[in-house]
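Chemist: Dumping the structure here so I can ask a few things about it.
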Amino acid sequence: MKLQNSVAALAVTLAAVPAMSGAETLVFATTNPEQHPINQGFLIPWAERITAAADGAVEVDIRHGPMLANHTNFYDRVIDDVAQISWGMTIFNPGRFPSTLVSTVPFMVESSEQGSAALCAMYEDGIFDDDFNDIQPLLFVEFPQASIHVKGGTLEVLDDVAGRKLITSSPAAAAIVEQHGGAPLSFSIGEQYEALQRGAADGTILNATAMAGFRLNEVTDTTLIAPLGGAMGVVFMSKDRWNALSPAAQDAIKAESGCDASRNFGQFIDGWEAEAMAMIAAQDGHTVTEATPEQVDALREQHWPGLLEGFSHAVPGGKVLIEQFGAALTKAGEGGA
């Protein structure tokens, strides 16, 4: 009798095993240090909500730091199945995501929330299909407009960049720097601190979140706030791994993904941007000047024809992309998807 009871108990136990072992574990490479604000403020809670809601169907295993994936190889790590989910900015892989460079065009985006919703809507309309044919985007985010940050000297108007070496991350920003007498440079975000510290670069064009997130405010002391273009960030999986997930796992991820979730991501970034810029402005010895609306209008009038022409030459269908982005931004600003 004892043996029969033991066998019955074992059978019950083993019957429960498939349900547990069937849970899919997805490694999420955040590429950033664990304490990075975007991890603590958004990406970690996002992953934890998916795991909690999945009820055993999927578990998101969060991995931090650059060892598993970094800001330049994040796409390859997902495609190679080293990580199943990652996060990165498409400007660091411009040849792979050419259409998404529309997110970098200056003078267009008013807020991260607006831009994030617009980019997601463009994806849902199929506009980015060629860029994302191998991956399944989960979240989009438009980073705020970049400003100029330098070390030493006067920086009150854009012409003050003349003779300076500035790190830029988009063709549009590089063209504006050149037209005002500066020399554009290219360094990855992880290389910028040392470049600024050692004088290999005189400044950088970035938003405040990136400045604070990578502590670049420590090696700059002067900021000119002007809308010199944003950038797209994306959280994604490979299509193969996405298609292999169970319906329950997909449903748990979908509940935290898409355009509403992307708009929420943008709202978080807007708040972080305001806090980061306030921190930079409060830093002892740091000078912050904001371009007036009149100055911004003048800059847009001066540079827009060249930006439109340059983007159209650099990106196939560039003029249409800018028109589509403008329409999506207008709709997103009115509260649409």
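The values are calculated or read from the model by the stated rules, or taken from the named source; none is laboratory data. Treat the numbers as computed from the prediction; the structure is a model and nothing was measured. Note: ideal-geometry Cβ built from the backbone for every residue, glycine included; neighbour counts use all protein chains shown. Heavy atoms of the whole protein, side chains included, go into the accessibility calculation; ligands, DNA and RNA do not. Shrake-Rupley method; radii C 1.70, N 1.55, O 1.52, S 1.80 Å.
Chemist: What's the number of the condition GLN250 fails, among (1) in contact (Cβ under 8 Å) with a residue 60 or more places away in the chain; (2) open to solvent by less than 50 Å² (accessible area, probe 1.4 Å); (3) closer than 26 Å to ASN73 by Cα; (4) not acidic (Asp, Glu)?
Modeler: (1)
Chemist: Suppose we keep only residues that are within 19 Å of the chain's Cα centre (by Cα), surrounded by 22 or more Cβ atoms within 10 Å (Cβ to Cβ) and not in a loop (DSSP other than H, G, I, E, B) within the stretch 213-236. Which one would you say is modelled with the lowest pLDDT?
Modeler: Just the residues of the stretch 213-236 that are within 19 Å of the chain's Cα centre (by Cα), to begin with: 213-216, 227-236.
Among the residues that remain, those that are also surrounded by 22 or more Cβ atoms within 10 Å (Cβ to Cβ) are: 216, 228-236.
Within this subset, residues satisfying the condition of being not in a loop (DSSP other than H, G, I, E, B) are 216, 231-236.
Working: LEU216: 95, ALA231: 92, MET232: 95, GLY233: 96, VAL234: 97, VAL235: 98, PHE236: 98.
The extreme case among them is ALA231.
Chemist: When you go through ASN93, ASN73 one by one, which is the residue that is open to solvent by 10 Å² or more (accessible area, probe 1.4 Å), under 30 Å from LEU307 (Cα atoms) and in contact with a Phe, Trp or Tyr (Cβ under 6 Å, 6 or more places away or on another chain)?
Modeler: Working: ASN73 fails: in contact with a Phe, Trp or Tyr (Cβ under 6 Å, 6 or more places away or on another chain).
Answer to the check: ASN93.
Chemist: While we're on this one: Given the stretch 105-201, what strands (runs of 3 or more DSSP E) lie entirely inside it while holding 3 or more residues that are within 23 Å of ARG215 (Cβ to Cβ) and modelled with pLDDT of 95 or more?
Modeler: Values: elements: 135-143, 147-150, 165-167, 183-185.
Of the strands (runs of 3 or more DSSP E) lying wholly inside the stretch 105-201, those with at least 3 residues that are within 23 Å of ARG215 (Cβ to Cβ) and modelled with pLDDT of 95 or more span 147-150, 165-167.
Chemist: While we're looking at this one, here's another question. With GLU124, GLU156 as the choices, which residue is touching a residue at least 40 places away in the same chain (Cβ under 8 Å), of a type outside the set (Ser, Thr, Tyr), surrounded by fewer than 23 Cβ atoms within 10 Å (Cβ to Cβ) and within 17 Å of ILE280 (Cα to Cα)?
Modeler: Numbers: GLU124 fails: within 17 Å of ILE280 (Cα to Cα).
Answer to the check: GLU156.
Chemist: Could you give me the residue pairs with C-beta distances under 8 Å whose first residue belongs to the stretch 288-301 and is at positive phi and open to solvent by 60 Å² or more (accessible area, probe 1.4 Å), whose second residue is part of a helix (DSSP H, G or I) and among the acidic types (Asp, Glu) wherever it lies, and which are 6+ apart or on separate chains?
Modeler: none
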